[in-house]
1. Select from the stretch 89-130 the residues that are in contact with a Phe, Trp or Tyr (Cβ under 8 Å, 6 or more places away or on another chain), open to solvent by 20 Å² or more (accessible area, probe 1.4 Å) and among the β-branched types (Val, Ile, Thr) and list them in ascending order.
2. With respect to residue 140, determine if the residue is modelled with pLDDT under 85 and either not hydroxyl-bearing (Ser, Thr, Tyr) or not in a loop (DSSP other than H, G, I, E, B) (or both).
3. For the subset of the stretch 81-111 comprising residues that are touching a Lys or Arg at 6+ places or on another chain (Cβ under 8 Å) and assigned to a loop (DSSP other than H, G, I, E, B), which member is farthest from residue 64 (Cα to Cα)?
4. Considering only residues that are within 14 Å of residue 106 (Cβ to Cβ), surrounded by 15 or more Cβ atoms within 10 Å (Cβ to Cβ) and not aliphatic (A, V, I, L, M), which ones fall in the stretch 66-87?
5. Considering each of 117, 50 in turn, give the residue that is of a type in the set (S, T, N, Q) and at pLDDT 95 or above.
6. Out of everything in the stretch 1-27 that is small (Gly, Ala, Ser) and either surrounded by fewer than 14 Cβ atoms within 10 Å (Cβ to Cβ) or farther than 23 Å from residue 93 by Cβ (or both), what residue ends up being modelled with the highest pLDDT?
Amino acid sequence: MVSALGGPSKKLTNVKGLLATPRWSPDGKTIAVLFTENATRAAGPLVAGTPETGEIKDAFSEQRLALVDVASGEFRQISPADMYVYEYDWSPDGARFAVIAAHGNGDNNWYIAQLYTLDAGVLGVLKSIHKPPLQIANPAWSPTARKSPSSPAS
């Protein structure tokens, strides 16, 4: 992290894996990131796969939504371990996320992903709000969204 006014950078956390798509919380106290633990390559269905060597097995890593507390550096994964999170957006009040995710292998299931809401304070509880017949992308909250669960994304 670097201050907008300049100066030295500050290391916030130390994890082993890939961090992607950092976004500040509306209150500026937390940074959300997509995290793939022990990643051997960049995440995503459009990225070239890692060559398989040795014993070939069907193993894959889940890209999860994680939060980093800017003051303490505390790092915590908040999306379920069995879900691959492709994209997300903070709610205007910072209490929830709109999340596009799917069960299983992230390289294969992007095309069947659903739109969920995820509470920023409750670990791993996704609520499906839209199961599209075709692929979806780029969830975005309305800047004037109400707090009711019926108005999470636009």
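The values are calculated or read from the model by the stated rules, or taken from the named source; none is laboratory data. Model, not experiment: these values are computed from the prediction. Heads up, the Cβs are rebuilt from the backbone with ideal geometry, glycines too, and the neighbour counts pull from every protein chain shown. What goes into the accessible areas is simple: the full protein's heavy atoms, side chains included, and nothing from ligands, DNA or RNA. Shrake-Rupley method; radii C 1.70, N 1.55, O 1.52, S 1.80 Å.
1. The answer is 129, and nothing else.
2. On the way: modelled with pLDDT under 85: no; either not hydroxyl-bearing (Ser, Thr, Tyr) or not in a loop (DSSP other than H, G, I, E, B) (or both): yes.
For residue 140, the condition - modelled with pLDDT under 85 and either not hydroxyl-bearing (Ser, Thr, Tyr) or not in a loop (DSSP other than H, G, I, E, B) (or both) - is not met.
3. Across the stretch 81-111, the extreme among qualifying residues is 93.
4. So the first thing to find is which residues in the stretch 66-87 are within 14 Å of residue 106 (Cβ to Cβ), and the list is 79-87.
This time we only want the ones that are surrounded by 15 or more Cβ atoms within 10 Å (Cβ to Cβ), so: 79-80, 83-87.
79, 80, 84, 86, 87 - these are the residues of the stretch 66-87 that are within 14 Å of residue 106 (Cβ to Cβ), surrounded by 15 or more Cβ atoms within 10 Å (Cβ to Cβ) and not aliphatic (A, V, I, L, M).
5. On the way: 50 fails: at pLDDT 95 or above.
117 is the lone residue from the list that is of a type in the set (S, T, N, Q) and at pLDDT 95 or above.
6. Quick first cut of the stretch 1-27, residues small (Gly, Ala, Ser) only: 3-4, 6-7, 9, 17, 20, 25.
Remaining after also requiring either surrounded by fewer than 14 Cβ atoms within 10 Å (Cβ to Cβ) or farther than 23 Å from residue 93 by Cβ (or both): 3-4, 6-7, 9, 17, 20.
Numbers: 3: 64, 4: 65, 6: 72, 7: 74, 9: 80, 17: 90, 20: 94.
Selected residue: 20.
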